[in-house]
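See structure below.
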Amino acid sequence: MAMFSAPGHRDTIWSDVKGSVVHSKMIKWTGGVAATHAIGKVSGAAEVRTRSLELHFSWNSGVAEADAESGKRVWAYKNRPRYSLVLPPGTNVEFRIKEKSNYRFLAMEFDPEFFLRAAELEHLGSVEFAET
């Protein structure tokens with residue numbers, strides 16, 4: 001299964017990310033998907049345009065020299081032990097990874113309509129999701 005920002009992921013525009021994935025697991029349901037990956041080592045760059053609401057979580061026990069840029073906002077990982085991103089539908093993000101090693105990554109993608117139904121907010125019709 002393709003990891004977010006890796007070649008082959010549906011939202012990846014371009015990518016030269018290379019590395020080793022120790023294992024991956026994924027679960028799909030109508031309206032969403034969740035995938036977890038244990039990563040040995042990875043480096044490279046990628047550009048992604050999200051189609052769904054995406055939640056990303058990472059737990060680092062190795063090296064994390066990378067950053068992500070969306071619009072004028074830059075997130076620098078700088079060996080933080082954990083981080084998360086919330087990416088609304090239609091977000092463009094560029095990932096630049098010098099090196100990330102020995103970390104775990106969880107990505108959850110939700111169709112906005114599913115998210116509204118699950119939160120019992122479908123009466124709103126639409127909602128604006130804020131990038132964090």
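The values are calculated or read from the model by the stated rules, or taken from the named source; none is laboratory data. The model shown is predicted, which means the values in this text are computed figures rather than measured ones. Quick reminder, even Gly has a Cβ in these numbers, built from the backbone with ideal geometry, and neighbours come from all protein chains shown. With ligands, DNA and RNA removed, areas are computed over all heavy atoms of the protein, side chains included. Shrake-Rupley method; radii C 1.70, N 1.55, O 1.52, S 1.80 Å.
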Please give the FRET efficiency for W59 paired with H123, using the beta carbon to beta carbon distance and R0 = 30 Å, rounded to the nearest 0.05. 0.25
Please compute the per residue accessible area over the chain with all protein chains in place, 1.4 Å probe, rounded to a whole number of Å². 56
Accessible-area ranking of M108, M26, largest first, probe 1.4 Å: M26, M108
The answer for the longest stretch of the chain without any exposed GluC sites (Glu not before Pro) (DSSP loop, at most 12 further Cβ atoms within 10 Å) is 1-119
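Carbon and sulfur atoms: what percent of the 1.4 Å accessible area of the chain do they account for? Don't jump to the answer; show the numbers that get you there.
Values: 3980 of 7420 Å².
After summing per-atom areas, the C and S share lands at 54 percent.
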Once you have all Cα-Cα distances for segment 8-113, histogram them in 5 Å bins from zero and send the whole-percent values. 3, 12, 21, 28, 23, 10, 3, 0
Considering the chain as a Gaussian network with a 10 Å cut-off on Cα pairs, which listed residue, L106, L121, L53, attains the greatest mean-square fluctuation? L121
Rounded to the nearest 500, the 222 nm mean residue ellipticity computed for the chain from DSSP H runs (n ≥ 4, each -39500 (n - 2.57)) alone is -1500 deg cm²/dmol
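Determine the relative contact order of segment 8-132: mean sequence separation of Cα pairs under 8 Å and six or more apart, normalised by residue count, in whole percent.
Working: 297 pairs, mean separation 38.0, N = 125.
Across segment 8-132, relative contact order equals 30 percent.
Please state the equivalent ellipsoid semi-axes for segment 1-58: what are the square roots of 5 times the Cα gyration tensor eigenvalues, largest first, in whole Å? Intermediate results must be reported in sequence, preceding the final value.
Details: eigenvalues 69, 48, 16 Å².
After diagonalising the Cα gyration tensor, the semi-axes are 19, 15, 9 Å.
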Which residues make up the longest stretch of the chain that has no trypsin sites (Lys or Arg not before Pro) in a DSSP loop with at most 16 other Cβ atoms within 10 Å? 79-132
Divide, for segment 60-132, the radius of gyration over alpha carbons by 2.2 N^0.38 Å, where N is the residue count. 1.35
